[in-house]
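*Asks:* Could you have a look at this structure, given as structure tokens, before my questions?
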Amino acid sequence: MDGPGPGPGEAQAGLPVPVSPLVRRVLAPNPSALTGRGTNTYLVGARPPCTVIDPGPADERHLGALLSAAPEVGAILVTHTHGDHSPGAAGLAAATGAPVCGFGPMLRPSVERHDDTFRADRLLADGDAVEGADHRLVALHTPGHASNHLCFLLEDGGERLLFAGDHVMQGSTVVIAPLDGDMTEYLDQLERIRSLGIDRILPGHGAPIDDPAVHLRDLLAHRAARAARVLAALVDAGPLGATCDELVEVAYADVPATLHPVAAYSAWAILRASSEATSDCPDALDGAWRSNRSAEARPGQA
Ligand SMILES: [Zn+2]
């Protein structure tokens, strides 16, 4: 089905688009290869004060757009502390007096853009609820893309909506960048989301996902296929092994070369999570990896 309002190719930064009776989406003006058309900020609540999910980058234009769409804010929720999701929280909190709510700082060092300015007035753990005038959001701790990642579940007019942050995206692939990102946790949390019977996913990037069951099935299959390609390339590299950059040339040959540095993060996350791969320096992106699988095990495998 077509979602209400403009599709992903038509969404305009700063203009609120209705997503459901309780939810509006405001696209931030930060398009890039990693953020797609930009970060989605969601405004929840038909009656003020509303709850803001992911205020996005610290950008005066975006702050102005949020304040004109939602002059009264009851709470500011942050899915995780990457630079395209949380830095706008401080300015929005200063302008509205609303508390900033999130999991807290990342648990491990990150190679991704981390928002060191992030301060939470209220720390949220798995299962905690945030109440608005006409809505209730439940936090789900979903580490994987980031160790402090939260999704938020909303029951809205008989529909179960999931605000997925960067756990699930529409139109681009989620990057898992160690050490803070963790592929095993990520896949576990995708399975968990899959088991919740969500009707629609509202991602941090891209348009609403109207068919979560199909989308998550395809996403898990895509992840499994990519992991198989990385591990097969490692077998082919022989006893001397290979670095993530070398494996990406083979296993991500179908992905534009401009994205290979980011793909190397995902290859690294796959290798760290696999019992088939070993490295003398698994915490370093440029370390060499070797396969535990013998080359003879290869024939007959895709
Ligand atoms: Zn992120």
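The values are calculated or read from the model by the stated rules, or taken from the named source; none is laboratory data. From a predicted model like this one, the values you see are computed outputs, not experimental measurements. Note: ideal-geometry Cβ built from the backbone for every residue, glycine included; neighbour counts use all protein chains shown. The area values use the complete protein model at the heavy-atom level, side chains included, leaving out ligands, DNA and RNA. Shrake-Rupley method; radii C 1.70, N 1.55, O 1.52, S 1.80 Å.
*Asks:* Which one is nearest to the ligand (Cβ to nearest atom), of the residues in the range 152-174 that are in contact with an Asp or Glu (Cβ under 7 Å, 6 or more places away or on another chain) and modelled with pLDDT under 95?
*Replies:* Val174
*Asks:* Here are some residues: Arg37, Arg61, Arg108, Arg24. Which one is touching a helix residue (DSSP H, G or I) at 6+ places or on another chain (Cβ under 7 Å), assigned by TED's automatic domain parsing to the domain that holds Phe163 and charged (D, E, K, R)?
*Replies:* Arg24
*Asks:* Let me ask something else. What pairs come out if I take residues in the range 105-117 that are within 11 Å of Ser86 (Cβ to Cβ) and pair them with residues that are exposed (fewer than 14 other Cβ atoms within 10 Å of the Cβ) whose C-beta lies under 9 Å away, six or more apart or interchain?
*Replies:* Pro105/Asp116
*Asks:* So Ala139 fits all but one of (1) in a loop (DSSP other than H, G, I, E, B); (2) away from the ligand (no atom under 16 Å from the Cβ); what number is the exception?
*Replies:* Of the numbered conditions (1) in a loop (DSSP other than H, G, I, E, B); (2) away from the ligand (no atom under 16 Å from the Cβ), the odd one out for Ala139 is (1).
*Asks:* Provide a single number: the residues in the range 151-192 that are among the aliphatic types (A, V, I, L, M) and in contact with a Cys (Cβ under 9 Å, 6 or more places away or on another chain).
*Replies:* Count: 3.
Per-residue answers, yes or no, for (1) over 30 Å from Pro55 (Cβ atoms); (2) over 15 Å from the mean Cα position of the chain (by Cα); (3) surrounded by 19 or more Cβ atoms within 10 Å (Cβ to Cβ):
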{"site": "His167", "(1), (2), (3)": "no, no, yes"}
{"site": "Gly197", "(1), (2), (3)": "no, yes, no"}
{"site": "Pro203", "(1), (2), (3)": "no, no, yes"}
{"site": "Glu246", "(1), (2), (3)": "yes, yes, no"}
{"site": "Ala251", "(1), (2), (3)": "yes, yes, yes"}
{"site": "Ala273", "(1), (2), (3)": "yes, yes, no"}
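*Asks:* Across the range 253-271, which residue is surrounded by the fewest Cβ atoms within 10 Å (Cβ to Cβ) among those that are among the β-branched types (Val, Ile, Thr) and touching a residue at least 40 places away in the same chain (Cβ under 8 Å)? Give the steps one after another, and end with the answer.
*Replies:* Within the range 253-271, the subset among the β-branched types (Val, Ile, Thr) is 255, 258, 262, 270.
Then drop every residue that is not touching a residue at least 40 places away in the same chain (Cβ under 8 Å), which leaves 258, 262, 270.
Values: Thr258: 8, Val262: 17, Ile270: 25.
The qualifying residue surrounded by the fewest Cβ atoms within 10 Å (Cβ to Cβ) is Thr258.
*Asks:* Tally the residues that are among the aliphatic types (A, V, I, L, M) and within 16 Å of the ligand (Cβ to nearest atom), restricting the search to the range 75-97.
*Replies:* Counting residues in the range 75-97 that are among the aliphatic types (A, V, I, L, M) and within 16 Å of the ligand (Cβ to nearest atom) gives 3.
*Asks:* Here is a further query. Given (1) open to solvent by less than 60 Å² (accessible area, probe 1.4 Å); (2) in contact with an Asp or Glu (Cβ under 7 Å, 6 or more places away or on another chain), identify the lone condition not met by Asn292.
*Replies:* (1)
*Asks:* Now a separate question. Which of (1) under 22 Å from the mean Cα position of the chain (by Cα); (2) of a type in the set (Val, Ile, Thr); (3) under 17 Å from Met183 (Cα atoms) does Thr278 not meet, given it meets every other one?
*Replies:* Only one criterion is unmet by Thr278, namely (1).
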